Number of protein chains: 2
Amino acid sequence: MSLVPGHTVQAQLQWRYATKKFDPSRKISESDWQVLEQSLVLSPSSFGLQPWKFFIVTNPEVKAQLPAMSWRQNQPHDCSHMVVFAIRDKMGAEHIDRFVARTAEVHGVPPESLAGFRKMMVGSLLKETFPINEWATRQVYIALGQFMACAAMMGIDTCPMEGIDCAKYDDILGISAQGFATSVACAAGYRAADDKYAVLPKVRFLTEDVVQEI
Amino acid sequence: MSLVPGHTVQAQLQWRYATKKFDPSRKISESDWQVLEQSLVLSPSSFGLQPWKFFIVTNPEVKAQLPAMSWRQNQPHDCSHMVVFAIRDKMGAEHIDRFVARTAEVHGVPPESLAGFRKMMVGSLLKETFPINEWATRQVYIALGQFMACAAMMGIDTCPMEGIDCAKYDDILGISAQGFATSVACAAGYRAADDKYAVLPKVRFLTEDVVQEI
């Protein structure tokens, strides 16, 4: 275990910003990307259910089509890796079964021994009135937060993008055809030297206005 | 700028898990906590609007009351710092104005110069049909993801807690009285030596099942 000093964590969070202009010539190295990919895979989620799939767009021809469905913003085109966070659309019992089977496999126990755990998840999540897609979207936002924080630690820039046409992303990337639905996206790569937003002071409310100790 | 090696980031994400049993005798140091507090303050949010407030419970008497409103789980009692993530309930134009004023202050420009930015935010977020509380909750989950990732980097354990009685948290912590509403919580501190969950292998779907390159 090799801990990261607190001052490094804080300095990297200060360094990051929502990058408006990426340098299209700079790509994330394969070894760095492997870590960021694992930051997605390892992201925490409710019950550990991972109700998601991450679509990583690096193909230049596909990336070139994305600004038109992203309010004409160029980050999806100019970044190194465009990450599309998709939820499992209307997650049902078959996904819970898949997760139970995977848990049994990893823990080396019979799936039947997890019947109580399965029942609890089904009871909590599969009620008709439960907003399952919104629940899944919240989980995806945990992954988004973890991804951006880890990228910042490694000196890699990101720009979260909520203002995208999710239905068009679903269509062009074949996401809906697999039973998933786009929630949000995040461009990753390196800031352009002339991104004027990079030098603007970060705007945050005062700590005492957003944190209260009890 | 002092970058964190990718292998360190990945090792710390592997190390973390949803801690079931905290060591009540171990507290997060003041200097480490200052960094974690800033990981909340610096969290990214849509438009940078920070539609949130973070309530940090360390008072032992208050913490002792929380398990009863947390499905009898003991993490809120045994952890070092219990973080309650609250959204600004039904965020309105006055919050957008507050943010515009803060942006003007930090950037040293007149608030009127941000009229177009303000109009865009109002137009996007304050439509009657827009689910403003759900939007705010998603932002809070970004902060949750960033908080857990940063804690892991620093060797600090966390347990995200969705299964809490938010209305009771709102009440006992005086959250609703301030115009906020509890969304989710996260216990932070150090794992107990006998938390059997600490040694269970992490359960994740195979990378090829949750990541697709395009």
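The values are calculated or read from the model by the stated rules, or taken from the named source; none is laboratory data. Source: prediction; values computed, not measured. FYI the Cβ positions are ideal-geometry reconstructions off the backbone, even for glycines, and counts take in every protein chain you see.
Counting only helices (runs of 4 or more DSSP H) wholly contained in the stretch A:14-86, the ones carrying 1 or more residues that are closer than 16 Å to A:Met148 by Cα and out of contact with any Lys or Arg (no Cβ under 9 Å at 6 or more places or on another chain) occupy A:30-41. If you go through the stretch B:14-35 and keep only what is of a type in the set (Asp, Glu) and more than 7 Å from chain A (Cβ to nearest Cβ), you end up with B:Asp23, B:Glu30.
Condition check for B:Thr207 on (1) closer than 25 Å to A:Val9 by Cβ; (2) surrounded by fewer than 16 Cβ atoms within 10 Å (Cβ to Cβ); (3) β-branched (Val, Ile, Thr): one failure, at (1).
When you scan the stretch B:148-169, how many residues do you find that are part of a helix (DSSP H, G or I), touching a residue at least 60 places away in the same chain (Cβ under 8 Å) and closer than 24 Å to B:Lys90 by Cβ?
Residues meeting the conditions: 2.
Residue by residue through the stretch A:96-111, note down the ones that are in a helix (DSSP H, G or I) and at pLDDT 95 or above. A:Ile96, A:Asp97, A:Arg98, A:Phe99, A:Val100, A:Ala101, A:Arg102, A:Thr103, A:Ala104, A:Glu105, A:Val106, A:His107, listed by residue number. Taken over the stretch B:126-147, the residue count meeting the criterion of being more than 9 Å from chain A (Cβ to nearest Cβ) and touching a residue at least 40 places away in the same chain (Cβ under 8 Å) is 3.
Selection of the stretch A:174-214 for residues being touching a Phe, Trp or Tyr at 6+ places or on another chain (Cβ under 7 Å) and more than 23 Å from A:Lys20 (Cα to Cα) yields A:Ile175, A:Val210, A:Val211, A:Gln212, A:Ile214. Here A:Lys202 does not qualify as surrounded by fewer than 18 Cβ atoms within 10 Å (Cβ to Cβ), modelled with pLDDT of 95 or more and not in a loop (DSSP other than H, G, I, E, B).
Looking at this structure, is B:Arg138 closer than 24 Å to B:Gln10 by Cα, surrounded by 14 or more Cβ atoms within 10 Å (Cβ to Cβ) and modelled with pLDDT of 95 or more? In short, no.
If you filter the stretch A:36-87 down to residues that are in contact (Cβ under 8 Å) with a residue 24 or more places away in the chain and charged (D, E, K, R), you find that the one that is farthest from the other protein chains (Cβ to nearest Cβ) is A:Asp78.
Is at least one residue of the stretch A:25-43 touching a strand residue (DSSP E or B) at 6+ places or on another chain (Cβ under 6 Å), buried (at least 22 other Cβ atoms within 10 Å of the Cβ) and closer than 30 Å to B:Ser29 by Cα? Yes, because at least one residue in the stretch A:25-43 is touching a strand residue (DSSP E or B) at 6+ places or on another chain (Cβ under 6 Å), buried (at least 22 other Cβ atoms within 10 Å of the Cβ) and closer than 30 Å to B:Ser29 by Cα. For the stretch B:114-125, taking the residues that are more than 12 Å from every other protein chain (Cβ to nearest Cβ) and hydrophobic (A, V, I, L, M, F, W, C), the one that is nearest to B:Ala86 (Cα to Cα) is identified as B:Val122. Checking each residue of the stretch A:179-196 against the condition of being surrounded by fewer than 20 Cβ atoms within 10 Å (Cβ to Cβ), at the interface with chain B (Cβ under 8 Å from one of its Cβ atoms), at pLDDT 95 or above and within 23 Å of A:Arg26 (Cβ to Cβ) gives no match. Among the criteria (1) surrounded by 15 or more Cβ atoms within 10 Å (Cβ to Cβ); (2) among the β-branched types (Val, Ile, Thr); (3) within 24 Å of B:Glu37 (Cα to Cα), the one B:Ile132 does not fulfil is (3).
Does B:Gly155 satisfy the criteria of being within 12 Å of another protein chain (Cβ to nearest Cβ), on the phi > 0 side of the Ramachandran plot, in contact with a Leu (Cβ under 6 Å, 6 or more places away or on another chain) and of a type outside the set (Phe, Trp, Tyr)? Give the derivation first.
On the way: within 12 Å of another protein chain (Cβ to nearest Cβ): yes; on the phi > 0 side of the Ramachandran plot: yes; in contact with a Leu (Cβ under 6 Å, 6 or more places away or on another chain): yes; of a type outside the set (Phe, Trp, Tyr): yes.
It is true that B:Gly155 is within 12 Å of another protein chain (Cβ to nearest Cβ), on the phi > 0 side of the Ramachandran plot, in contact with a Leu (Cβ under 6 Å, 6 or more places away or on another chain) and of a type outside the set (Phe, Trp, Tyr).
One residue stands out in the stretch B:1-13 among those that are surrounded by fewer than 21 Cβ atoms within 10 Å (Cβ to Cβ) and either closer than 16 Å to B:Met148 by Cα or among the acidic types (Asp, Glu) (or both): the one that is farthest from the other protein chains (Cβ to nearest Cβ), namely B:Ala11.
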